[in-house]
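Below is one structure, written out as structure tokens, with a few remarks after it.
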């Protein structure tokens with residue numbers, strides 16, 4: 001199994017970087033900035049002259065020494081976050097290959113204790129995916145059900161008492177006549 005810590009080290013910077021890339025693109029697009037120009041619109045004064053933060057504003061002092069920040073400056077912000085996103089993939093790549101060769105083996109066919117039907121299939125599934133026809137006794141998202149000994153009760157297992165959720169007694173077997 002893959003490392004949870006390395007998964008977080010990959011996920012959070014990736015999430016922040018994706019927002020750092022696409023939010024400025026959204027702002028530029030709303031201002032009329034064209035994405036398909038080879039120079040990003042640097043030669044078009046109507047676009048490059050659009051001001052994002054005025055000279056002397058608080059954000060221009062923080063990011064550009066008090067100078068005016070135009071829409072074209074956002075290209076540098078996006079480039080920075082593209083590099084952050086690229087570097088954030090390194091923990092995933094390491095985690096992936098480490099888990100293949102030295103990672104801990106998964107505990108059974110359902111290591112995440114999921115309750116939905118697909119986890120009934122064995123790790124090396126036979127033809128048809130299941131060893132026997134699955135029967136759903138409850139909905140897939142019923143956790144912490146009262147009357148059951150565990151928090152995890154898959155939808156393909158009856159409760160400890162044999163009762164299907166929502167029923168008061170186990171169903172009686174009926175005989176079928178062979179007419």
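With the largest listed first and rounded to whole Å, the semi-axes of the equivalent ellipsoid of the stretch 1-122 from the Cα gyration tensor are 44, 16, 13. In a fully extended conformation the segment linking residue 123 and residue 86 would gain 10.0 nm over its present Cα-Cα distance, using 0.36 nm per residue. In summary, the convex hull built on the alpha carbon positions of the stretch 106-162 has an orientation-averaged projected area of 4.2 nm².
Please compute the length gained on full extension between residue 79 and residue 130, using 0.36 nm multiplied by the number of residues separating them and subtracting their Cα-Cα distance. Full extension from residue 79 to residue 130 adds 13.5 nm. Zone of residue 2 (label point 7 Å along Cα→Cβ, backbone N under 20 Å): which residues in the stretch 93-120? Hits in the stretch 93-120 for residue 2 at 20 Å: 93-115, 119.
Three semi-axes describe the equivalent ellipsoid of the stretch 71-113; taken as square roots of 5 times the Cα gyration tensor eigenvalues and ordered largest first, they are 37, 13, 4 Å. If R0 is 41 Å, the Cβ-Cβ spacing of residue 100 and residue 67 corresponds to a FRET efficiency of close to 0.25.
Counted residue by residue at 0.36 nm each, then reduced by the alpha carbon distance between them, the extension gain from residue 151 to residue 93 reaches 17.5 nm.
We did not get these values from a lab; they are worked out from the coordinates using the rules stated. Quick caveat: nothing in here was measured; it's all calculated off a predicted structure. We place every Cβ from the backbone using ideal geometry, glycine too, and count neighbours over all the protein chains shown.
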